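Written below as structure tokens is the structure these notes are about.
Since every read-out is calculated from the coordinates, none of them should be taken as a lab result. Computed from a predicted model, the values in this text were never measured in an experiment. Quick reminder, even Gly has a Cβ in these numbers, built from the backbone with ideal geometry, and neighbours come from all protein chains shown.
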Amino acid sequence: MKKILALTAILLVIFIVLLYISVSSTDKNFETCTIKNFEDLENTDFHEYDSVIIAPSTLYKGDILKEFMQGKNYREAWSTSVKVPIVFLDTLKGGMKILKEGGGKQTHSLKLTNSEGTMFTLRSITKDPKQLIPESAKTLGLENIIVDGISAQHPYGAILAAKLADAAGVLHTNPMVVFVPKQKQLVQYNEKYGNRLYLLEYETESKKNWTNLQNIEHIVETDDLQELKQGNPKHFHIDKSGLIRTRLFDLLIGDWDRHAEQWGWALQKNGKNFKAIPIPGDRDNAFFNPTGLLPSIITNKNIEPLVRPFEKTIDHMPGLVYPFDRYFLLNTPEEDFVEQARYLQKHLTDDKIENAFQVWPENIRRLNQEEISEKIKSRKKDLVDYAVSFHKILNEKGELTEALKGSEDLQMNEGLMKCFECN
């Protein structure tokens with residue numbers, strides 16, 4: 001027994017030493033993009049150019065030890081240079097003006113509108129995780145564990161997810177990668193937001209219909225939909241088939257982060273009634289791929305069940321069933337889930353999966369296409385089984401006992417708080 005305890009202690013010491021060597025490779029918490037073909041950014045007139053050669057971030061470069069301890073992840077994709085168009089707000093989409101600053105805990109973003117009233121957002125591809133770093137990690141000098149975790153996100157995952165969504169019959173926000181140089185149109189945000197790489201996409205709220213759907217009154221976020229439902233409970237219903245298909249599509253692309261604030265709803269009018277059609281936003285965690293010793297421990301289903309790695313199989317379905325799902329899909333028949341799973345199997349063919357990667361630059365395709373496409377195809381093969389499991393778990397968990405994320409301040413009746421059709 002003493003020998004076993006001694007060996008365990010030695011292994012623990014070795015692990016701690018290797019961990020600190022790995023995380024000490026950089027003391028930076030944040031870095032913007034790296035531009036290759038311009039050296040003096042402050043004195044460059046970007047109006048004279050139409051594109052830049054740019055890498056999202058070199059912050060995640062790592063040696064063999066770092067890849068062993070913290071994972072290979074998508075480090076190469078982050079540090080590989082690609083050609084990206086330059087945009088200026090005064091000419092973009094007919095001219096844009098800034099409405100307000102947005103963003104979550106990692107993403108810097110600006111909400112915009114054009115002259116027609118269509119709303120867009122610029123979402124930073126490079127992430128700033130400062131708000132996610134707990135004091136305990138700072139005290140122990142382990143901030144880099146949180147910072148480096150972003151390397152498991154693919155910098156171009158959102159545009160691939162959108163192309164796959166087209167083939168799957170799922171709405172998306174039409175993201176495109178752009179470079180925004182410093183410019184007077186950024187006004188007070190020029191220093192923070194200028195000379196950075198962004199996803200430009202439609203907002204999941206808009207008075208103007210930007211979808212290809214007909215008879216859309218406007219697009220609202222989840223909390224606004226709840227308020228409309230409370231005021232007119234008989235006239236507002238959701239497109240359950242569309243939501244099921246979208247949630248099963250989320251399983252195919254490994255997007256585990258699907259809470260209520262990441263959805264918009266296109267309100268389609270039919271007489272006095274409205275059907276709310278789901279629009280998923282924020283695809284930062286599509287194809288999320290944490291590897292290495294430390295991420296494997298952290299994402300173990302018994303430690304962090306909600307953060308699920310993108311593998312060929314789904315290892316822990318309960319971690320992928322959100323309160324959002326219970327709220328909108330409770331008591332939906334199992335056959336509806338099976339029907340949508342078979343729809344995706346039929347329409348998202350292997351050829352369409354492969355063709356979707358054409359939205360990526362060739363050098364990025366060489367890095368990640370084979371692995372990601374194999375995982376999607378593997379998950380698609382078992383999608384009916386996953387759909388049945390997903391349905392079973394959400395119904396076992398039952399009605400909500402507290403408000404959805406983002407709806408905590410709404411004055412709702414008890415029924416509407418429990419589920420969308422309980423009002």
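For the chain, hydrophobic long helices are taken as DSSP H runs at least 30 Å long by C-alpha position along their axis with mean Kyte-Doolittle hydropathy of -0.5 or more; these are 2-23. Within the same chain, aspartates and glutamates fewer than 8 places from residue 377 are excluded, and of the rest, those with a Cα less than 19 Å from its Cα are 166, 250, 255, 311, 315, 339, 350, 351, 354, 385. For segment 211-423, the relative contact order comes to 25 percent (Cα pairs under 8 Å, sequence separation of at least 6). Loop-located trypsin sites (Lys or Arg not before Pro) across segment 274-311 with a Cβ neighbour count of 15 or fewer within 10 Å are 301, with loop assigned by DSSP. Only the Cβ atoms of Lys and Arg (+1) and of Asp and Glu (-1) were treated as charged; on that basis the dipole of the chain about its Cα centre amounts to roughly 440 debye. In this structure, the residue pairs whose Cα-Cα separation is over 26 Å, taken from 269/352; 93/208; 100/240; 97/163, are 269/352; 100/240; 97/163.
Exposure proxy shown here: for 401, 349, 222, the number of other Cβ atoms within 10 Å sets the order, fewest to most, as 401, 349, 222. Straight-line reach from residue 397: taking Cα to Cα under 16 Å and skipping same-chain neighbours fewer than 8 places apart, the lysines in range are 418. Within the same chain, aspartates and glutamates fewer than 8 places from residue 127 are excluded, and of the rest, those with a Cα less than 15 Å from its Cα are 31, 143, 148, 282, 284. Basic side chains Lys and Arg get +1 at the Cβ, acidic Asp and Glu get -1 at the Cβ, and with that the dipole of segment 211-423 about its Cα centre reaches some 560 debye.
The label-point distance for residue 234 and residue 392, in a model that sets each label 7 Å from Cα toward Cβ, rounds to 3.9 nm.
Highest mean packing comes first when the peptides 201-207, 314-320, 160-166, 211-217 are listed by Cβ atoms within 10 Å, giving 160-166, 201-207, 314-320, 211-217. For the chain, the residue among 118, 151, 219 whose Cα projects farthest onto the positive side of the dipole built from Cβ charges is 151. [x] 22.5, 78; [y] 20.7, 73; [z] 27.2, 101: which one is Rg and Dmax of the Cα atoms in Å as calculated from this entry? Matching the structure shown: [x]. Once you list every other residue whose beta carbon is under 13 Å from the beta carbon of residue 64, what net charge do they have if Lys and Arg are +1 and Asp and Glu are -1? Overall, the nearby charge balance is +2. For the chain, the mean residue ellipticity at 222 nm estimated from helices alone is -11000 deg cm²/dmol, where every DSSP H run of n ≥ 4 contributes -39500 (n - 2.57) and the total is divided by all residues, rounded to the nearest 500. The chymotrypsin sites (Phe, Trp or Tyr not before Pro) found in segment 274-327 include none that occupy coil by DSSP while having at most 13 further C-beta atoms within 10 Å. What percent do you get for the relative contact order of the chain when only Cα pairs under 8 Å and 6+ apart count? About 15 percent, as a whole number. The Rg/Rh ratio for segment 211-423, using Cα coordinates for both the radius of gyration and the Kirkwood hydrodynamic radius, is 0.98.
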